[in-house]
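A short write-up of the structure that comes next.
The values are calculated or read from the model by the stated rules, or taken from the named source; none is laboratory data. Given the structure is predicted, the values throughout are model-derived calculations rather than measurements. Ideal geometry is used to build each Cβ from the backbone, glycine not excepted, and the neighbour counts take in all protein chains shown. All accessible areas refer to the heavy atoms of the entire protein, side chains included, with ligands and DNA or RNA removed. Shrake-Rupley method; radii C 1.70, N 1.55, O 1.52, S 1.80 Å.
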Amino acid sequence: AWIIGTNTGVIVYGKDLIATDLNKLFKQITFTTIKTEQENNQYCPQIDLEANKDTENKIEQIYDFNIIIDNKKYEFPYSYNEFKENGWKISSDVDVDSIVLESGSVSEMMTLVNEQYGIEYDNFSILCQFKNLSNQAKPLSQCEICYLSLDAANGMKLLNQFPEVKLSSEIGFKSTEGAVIEKYGDPIDSFSNNYCSVLTYQNEEDQFLQFIIYE
């Protein structure tokens with residue numbers, strides 16, 4: 001969309017448009033319009049950039065939370081049954097059909113293991129958390145997985161065996177810190193020490209991606 005009489009483009013986001021693709025073409029500028037009455041009884045907007053200069057860089061972030069594990073794509077929110085079909089199961093003796101989550105409630109943290117990578121404590125596993133996104137109580141197995149944490153290292157030691165893991169952005173295990181920043185820009189929060197760097201990205205809905213890059 002375009003403002004009549006100017007060469008300034010205004011991006012109108014639709015449901016089917018991806019903001020991050022559009023942001024590659026346009027820079028978003030935040031400004032305030034002040035209504036000023038004129039002698040001819042018409043209003044002319046005055047643009048005040050200073051009033052919002054602190055928000056100019058707060059561009060809406062839209063992240064793709066889909067994840068690919070050994071060429072199998074899991075779409076967010078993740079289905080437990082899809083993980084189960086690919087050999088993943090809850091590591092303890094938890095009966096996922098006997099546990100019931102109320103509407104909107106979240107489970108405790110659980111661990112998914114796969115015999116292909118070993119099921120001992122120091123083998124590869126996935127830390128996960130379920131959430132009931134429906135408006136009625138449901139068994140855990142019918143709820144969605146809303147949180148995943150995957151680590152190719154045990155402490156500072158690389159695991160002997162782990163799957164190929166990457167996001168739709170192609171960032172995954174063995175990606176560098178520079179590659180993450182190139183794909184996602186500056187993080188909302190970061191931390192580093194002599195062993196690793198932690199980069200956190202978060203959108204307006206408080207959904208987040210966090211990358212831990214070991215030296």
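So in the range 188-207, with the set limited to residues that are closer than 16 Å to residue 65 by Cα and touching a residue at least 24 places away in the same chain (Cβ under 8 Å), which one is least open to solvent (accessible area, probe 1.4 Å)?
Among them, the one singled out is 201.
Before we move on, is residue 183 basic (Lys, Arg), modelled with pLDDT under 95, open to solvent by 80 Å² or more (accessible area, probe 1.4 Å) and part of a loop (DSSP other than H, G, I, E, B)?
Against the criterion (basic (Lys, Arg), modelled with pLDDT under 95, open to solvent by 80 Å² or more (accessible area, probe 1.4 Å) and part of a loop (DSSP other than H, G, I, E, B)), residue 183 does not qualify.
Taking the conditions exactly as written (open to solvent by less than 30 Å² (accessible area, probe 1.4 Å), among the β-branched types (Val, Ile, Thr) and closer than 24 Å to residue 83 by Cα), does residue 212 satisfy them or not? Please lay out each step first, then the result.
Working: open to solvent by less than 30 Å² (accessible area, probe 1.4 Å): no; among the β-branched types (Val, Ile, Thr): yes; closer than 24 Å to residue 83 by Cα: yes.
When the stated conditions are applied, residue 212 does not pass them.
Restricting to the range 99-113, count the residues that are of a type in the set (Ser, Thr, Tyr) and either open to solvent by 80 Å² or more (accessible area, probe 1.4 Å) or outside any loop (DSSP other than H, G, I, E, B) (or both).
Summing the residues that are of a type in the set (Ser, Thr, Tyr) and either open to solvent by 80 Å² or more (accessible area, probe 1.4 Å) or outside any loop (DSSP other than H, G, I, E, B) (or both) in the range 99-113 gives 1.
Could you please tell me which pairs satisfy a Cβ distance under 6 Å, a separation of 6+ or placement on different chains, a first residue in the range 62-84 that is on the phi > 0 side of the Ramachandran plot, and a second residue that is part of a loop (DSSP other than H, G, I, E, B) and not aromatic (Phe, Trp, Tyr)?
As it stands, the answer is 70/163; 70/164, since those pairs meet every condition given.
Mind telling me which of the residues 116, 210 ends up being in contact (Cβ under 8 Å) with a residue 12 or more places away in the chain and assigned to a strand (DSSP E or B)?
That would be 210, the only listed residue that is in contact (Cβ under 8 Å) with a residue 12 or more places away in the chain and assigned to a strand (DSSP E or B).
One line per residue, one yes/no per condition, for (1) in contact with a helix residue (DSSP H, G or I) (Cβ under 7 Å, 6 or more places away or on another chain); (2) of a type in the set (Val, Ile, Thr):
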{"residue": "160", "(1), (2)": "no, no"}
{"residue": "165", "(1), (2)": "no, yes"}
{"residue": "171", "(1), (2)": "yes, yes"}
{"residue": "174", "(1), (2)": "no, no"}
{"residue": "180", "(1), (2)": "no, yes"}
{"residue": "186", "(1), (2)": "no, no"}
{"residue": "192", "(1), (2)": "no, no"}
{"residue": "196", "(1), (2)": "no, no"}
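Across the range 114-128, what is the total count of residues that are under 19 Å from the mean Cα position of the chain (by Cα) and open to solvent by less than 40 Å² (accessible area, probe 1.4 Å)?
2
May I ask you to verify whether residue 166 is of a type in the set (D, E, K, R) and under 25 Å from residue 105 (Cα atoms)?
Criteria not met by residue 166.
Could you check the range 167-177 and list, in sequence order, the residues that are open to solvent by 50 Å² or more (accessible area, probe 1.4 Å) and not in a loop (DSSP other than H, G, I, E, B)?
177
Quick check on the range 129-142. Is at least one of its residues touching a residue at least 24 places away in the same chain (Cβ under 8 Å), buried (at least 18 other Cβ atoms within 10 Å of the Cβ) and closer than 27 Å to residue 204 by Cβ?
Scanning the range 129-142, I find at least one residue that is touching a residue at least 24 places away in the same chain (Cβ under 8 Å), buried (at least 18 other Cβ atoms within 10 Å of the Cβ) and closer than 27 Å to residue 204 by Cβ, so the answer is yes.
Look through the range 144-162, keep the residues that are part of a loop (DSSP other than H, G, I, E, B) and out of contact with any Leu (no Cβ under 7 Å at 6 or more places or on another chain), and return whichever of them is nearest to residue 71 (Cα to Cα).
The selected residue is 162.
Could you please give the count of residues in the range 75-98 that are in contact with an Asp or Glu (Cβ under 7 Å, 6 or more places away or on another chain) and crowded, with 18+ Cβ neighbours inside 10 Å? Don't jump to the end; show me each part of the working.
Restricting attention to the range 75-98, the residues satisfying the condition of being in contact with an Asp or Glu (Cβ under 7 Å, 6 or more places away or on another chain) are 77-79, 87.
Imposing the further condition that a residue be crowded, with 18+ Cβ neighbours inside 10 Å reduces the set to 78.
Final tally of qualifying residues: 1.
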